[in-house]
Amino acid sequence: MPITKVKTFEVHHLQILDEQGHCDEQLMPKLSVQQIRELYEWMVLIRAFDDKILNLQRQGRVGTHAALRGQEASQVGS
């Protein structure tokens, strides 16, 4: 049987912040200072919740929990 190509695709990567934390102003979403503060508060809350639920899991008081540590921005952004 011959090999046939079914589909090809590309994956694009958009980076607004560089490794030094400098922002590309043209790509920055149009958010107010209040909206940015709110998003940050959600990320802090997720981190606190994650720490609490992990401690409860280690005590055997909750079942399985998929940790979000390090992925807070992905969760809030989506």
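Please state the shape class of the chain: rounded when a/c is under 1.5, otherwise prolate if a/b exceeds b/c and oblate if not, all from the C-alpha gyration tensor.
Oblate, because a/c is 1.5 or more while a/b does not exceed b/c.
Students sometimes get this wrong: rank Glu25, Glu41 by accessible area, probe 1.4 Å, all chains present, largest first.
Reading off the accessible areas and sorting them downward yields Glu25, Glu41.
What dipole magnitude, in Debye to the nearest 20, does the chain give about its Cα centre under +1 on Lys/Arg Cβ and -1 on Asp/Glu Cβ?
Dipole about the Cα centre, nearest 20: 520 debye.
The values are calculated or read from the model by the stated rules, or taken from the named source; none is laboratory data. Values in this document were obtained by computation on a predicted structure and should not be read as measured data. No Cβ is skipped: glycine too gets one built from the backbone with ideal geometry, and neighbour counts run over all protein chains shown. Accessible surface areas use protein heavy atoms only, side chains included; no ligands, DNA or RNA. Shrake-Rupley method; radii C 1.70, N 1.55, O 1.52, S 1.80 Å.
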